[in-house]
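The values are calculated or read from the model by the stated rules, or taken from the named source; none is laboratory data. Predicted, not measured: the structure shown is a model, and the values here were computed from it. No Cβ is skipped: glycine too gets one built from the backbone with ideal geometry, and neighbour counts run over all protein chains shown. What goes into the accessible areas is simple: the full protein's heavy atoms, side chains included, and nothing from ligands, DNA or RNA. Shrake-Rupley method; radii C 1.70, N 1.55, O 1.52, S 1.80 Å.
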Amino acid sequence: LTLSGAVRYENYSDFGDNVSGKIAARYDFTPNFAIRGAVSTGFRAPSLQQQYYTQTSILYISNVPYETGTYPSVSEAGLALGGTPLEAEESVNYSLGFVVRNGPFELTADAYRIDINDRIILSETLTGSATADPGTNARAIYDLLVPYGATAARFFINGVDTETTGLDVVARYRADVADGHRLDF
């Protein structure tokens, strides 16, 4: 049985401290067969672009062009539309697999699952209209965005929790060729 582990400490000037870790194990039943597994945690602070990016472009929604602004979530426009400061994404990763060897042949298979909380994505595009009745959301959005040269807006948010699962299978065959060279298939 082989056990390994690691602990990582990070200090972000704008997101504080984080400790993440990993523990892994491998057990060789025979020289030809082993199982392995790992559990780890992860942390990703929002990128500078996700926090501070600003752009205005034409975006077509139902074949209608909107001058669409992408604003920081904590900008005046972002806050007025419901934006909040971005939080870091945190994840937990699990994997379990095996290794089979038979002479020059090797097969590995690993199942994995990655759970990410507070994943950062773009919000829906919020649109406004100059012809909307005063007091409606569409008119309020329009009135808010006109000084910024836009009629629609979006911003980055901690919008979803995701779960990714999968299976990685790798087969390899080593063939020795002349003069001590080797081919891997």
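Here are a few things to note about the model shown:
- Answer from ALA153, ALA130 - the residue that is assigned to a loop (DSSP other than H, G, I, E, B) and at pLDDT below 95: ALA130
- Residue check, PHE43 hydrophobic (A, V, I, L, M, F, W, C), in a strand (DSSP E or B), surrounded by 14 or more Cβ atoms within 10 Å (Cβ to Cβ) and under 23 Å from the mean Cα position of the chain (by Cα): yes
- Any hit, region 77-86, residues being touching a helix residue (DSSP H, G or I) at 6+ places or on another chain (Cβ under 9 Å), among the small types (Gly, Ala, Ser) and farther than 30 Å from ASN11 by Cβ: yes
- Given (1) β-branched (Val, Ile, Thr); (2) in a strand (DSSP E or B); (3) open to solvent by less than 80 Å² (accessible area, probe 1.4 Å), number of the condition THR165 does not satisfy: (3)
- Checking each residue of region 70-81 against the condition of being out of contact with any His (no Cβ under 9 Å at 6 or more places or on another chain) and closer than 30 Å to ALA38 by Cα gives no match.
- Check on ALA88, open to solvent by less than 60 Å² (accessible area, probe 1.4 Å), under 30 Å from PRO104 (Cα atoms) and touching a residue at least 40 places away in the same chain (Cβ under 8 Å): no
- Pair list, Cβ under 6 Å, 6 or more apart: region 150-168 residue over 17 Å from VAL74 (Cα atoms) and of a type in the set (Ser, Thr, Tyr), other residue in a strand (DSSP E or B) and open to solvent by 40 Å² or more (accessible area, probe 1.4 Å): THR151/TYR66; THR151/GLU67; THR162/ARG119; THR164/ILE114; THR165/ARG113
- For region 98-117, the criterion of a residue being farther than 19 Å from SER73 by Cβ, surrounded by 15 or more Cβ atoms within 10 Å (Cβ to Cβ) and either free of Cβ contacts under 8 Å to residues at least 40 places away in the same chain or touching a helix residue (DSSP H, G or I) at 6+ places or on another chain (Cβ under 8 Å) (or both) is satisfied by no position.
- For region 25-40, the candidate set comprises residues that are open to solvent by 80 Å² or more (accessible area, probe 1.4 Å) and assigned to a strand (DSSP E or B); within that set, the residue that is farthest from ASN102 (Cα to Cα) is TYR27.
- Of all residues in region 46-63, exactly one satisfies the criterion of being surrounded by 16 or more Cβ atoms within 10 Å (Cβ to Cβ) and in a loop (DSSP other than H, G, I, E, B), namely PRO46.
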